[in-house]
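Chemist: Submitted below is the structure of interest, expressed as structure tokens.
The values are calculated or read from the model by the stated rules, or taken from the named source; none is laboratory data. This one's a predicted model, so the numbers in the text were calculated from it and none came from an experiment. Backbone-built Cβ (ideal geometry, glycine too); neighbour counts: all protein chains shown. Just the protein is used for accessible areas: all its heavy atoms, side chains included, with ligands, DNA and RNA removed. Shrake-Rupley method; radii C 1.70, N 1.55, O 1.52, S 1.80 Å.
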Amino acid sequence: MMLNVKKLHPLFVGEASGVDLGRPIDASTRDAINNAMDEYAVLVFRNQPLSQTQQVELAKAFGPLDIGLKRLKKQPDRMEHAELADISNVGEKGEAVGRDHRKLVSNIANQLWHSDSSFQKPPARYSMLAAVQVPTKGGDTEYVDLRAAYDALPDDTKAEIEGLEAEHYALHSRFMLGDTDYTEEQKNALPPVYWPLVRTHPGSKRKILFVGIHARAIKGWTSAEGRMLLMDLLEHATQPKFVYAHKWQPDDLVIWDNRCTLHRGRRFDVSQVRELRRATTLDVEEADLAPA
Ligand code: OGA
Ligand code: MN
């Protein structure tokens, strides 16, 4: 098998072809995809109809899987596998859920710029999002490259933020949207974690500006000053010139590297069905894994 990649944006993102993702991934295909991911950070595969089981198997070839916020058990689950996130506005009977359904809140939180599961340790490495059904307009997913964002910072800002740590908290994005209906147990289930604002992306050895909506504070700073810096940096990182917008077709599979990108969904008419499914690998090295 031969992985071909065509660049889709001046800074990152490739359209990949030549691989059938529904078949078991051998080591050379996995290595080719990992290498392309290190370079492009986002890979778009078209026409890859995957069953839920095939999608989980594909993701498992790249590492152990994340279950993210599912551990809070906020809502019943339609997926056949615990490792799949139901990125949809679809109810039990396949219908678009009503506007006041709580499922829409999670969906709408995805419309804020973020890196998946940056609120936990280990966080997410690869997210693999498959499109089942898409609305007639809207509902794109947008991406930015945090390496390009770092490179474009003025030198004095680079110096100012070197060594700073941001606090990432799972429910910050939810609280921001007015979704505060969580028990103390749920609020404490995912305690905040800290990541340096400036990190090195292991795959490309390039520096990244690690921001996003889960970051709510700068360690040692007042809430106000920290949050303002985070907002400024996020605004910088998400300038239109850095953004790639993916227009979904059914059977697309997009893989992104959460270590060096941010993404967000865009608004769409929620009376229409938008149905995607995500499998996500954890950012752990083989050596860190407990023996089986
Ligand atoms: C996700 C996500 C955005 C979208 O699946 O992690 O943020 O466009 N999705 O649905
Ligand atoms: Mn996401």
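Chemist: Return a yes/no flag: does segment 129-144 have any residue that is out of contact with any His (no Cβ under 7 Å at 6 or more places or on another chain) and either more than 16 Å from ligand 1 (Cβ to nearest atom) or farther than 20 Å from residue 248 by Cβ (or both).
Modeler: Within segment 129-144, not a single residue is out of contact with any His (no Cβ under 7 Å at 6 or more places or on another chain) and either more than 16 Å from ligand 1 (Cβ to nearest atom) or farther than 20 Å from residue 248 by Cβ (or both).
Chemist: Turning to a different aspect of this structure: Out of the residues in segment 149-173 that are over 20 Å from residue 214 (Cα atoms) and of a type in the set (A, V, I, L, M), state the one that is farthest from the chain's Cα centre (by Cα).
Modeler: Among those residues, the one meeting the criterion is 159.
Chemist: Is it true that residue 121 is in a helix (DSSP H, G or I) and open to solvent by 10 Å² or more (accessible area, probe 1.4 Å)?
Modeler: no
Chemist: Is it the case that some residue within segment 31-41 is more than 16 Å from ligand 1 (Cβ to nearest atom), assigned to a strand (DSSP E or B) and under 24 Å from residue 250 (Cα atoms)?
Modeler: no
Chemist: Which residues, counting only those in segment 170-193, are open to solvent by less than 70 Å² (accessible area, probe 1.4 Å), charged (D, E, K, R) and assigned to a loop (DSSP other than H, G, I, E, B)?
Modeler: 179
Residue-by-condition table, conditions (1) within 16 Å of the chain's Cα centre (by Cα); (2) surrounded by fewer than 19 Cβ atoms within 10 Å (Cβ to Cβ); (3) more than 16 Å from residue 112 (Cβ to Cβ):
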| position | (1), (2), (3) |
| --- | --- |
| 221 | no, yes, yes |
| 224 | no, yes, yes |
| 234 | yes, no, no |
| 255 | yes, no, yes |
| 264 | yes, no, no |
| 280 | yes, no, yes |
| 283 | yes, no, yes |
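Chemist: Is it fair to say residue 106 is open to solvent by less than 10 Å² (accessible area, probe 1.4 Å), within 11 Å of ligand 2 (Cβ to nearest atom) and among the hydroxyl-bearing types (Ser, Thr, Tyr)?
Modeler: no
Chemist: If you go through segment 82-118, how many residues are within 13 Å of ligand 1 (Cβ to nearest atom), within 27 Å of residue 216 (Cβ to Cβ) and not polar (S, T, N, Q)?
Modeler: Counting residues in segment 82-118 that are within 13 Å of ligand 1 (Cβ to nearest atom), within 27 Å of residue 216 (Cβ to Cβ) and not polar (S, T, N, Q) gives 11.
Residue by residue, here is whether (1) under 22 Å from residue 203 (Cα atoms); (2) among the acidic types (Asp, Glu); (3) open to solvent by 30 Å² or more (accessible area, probe 1.4 Å) holds:
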| site | (1), (2), (3) |
| --- | --- |
| 134 | no, no, yes |
| 140 | no, yes, no |
| 146 | yes, no, no |
| 151 | yes, yes, yes |
| 164 | no, no, no |
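Chemist: Across segment 69-88, what is the number of residues that are among the polar types (S, T, N, Q) and either modelled with pLDDT under 90 or over 18 Å from the mean Cα position of the chain (by Cα) (or both)?
Modeler: Going through segment 69-88 one residue at a time, the tally reaches 1.
Chemist: So, in segment 1-25, exactly how many residues are open to solvent by 30 Å² or more (accessible area, probe 1.4 Å), outside any strand (DSSP E or B) and in contact (Cβ under 8 Å) with a residue 12 or more places away in the chain?
Modeler: 9
Chemist: Check 280, 222 and return the single one that is closer than 30 Å to residue 160 by Cα and hydroxyl-bearing (Ser, Thr, Tyr).
Modeler: That would be 222, the only listed residue that is closer than 30 Å to residue 160 by Cα and hydroxyl-bearing (Ser, Thr, Tyr).
Chemist: Further, regarding this structure: Identify, please: which residue in segment 98-118 is at pLDDT below 95 and part of a loop (DSSP other than H, G, I, E, B) and is, among those, nearest to residue 42 (Cα to Cα)?
Modeler: 102
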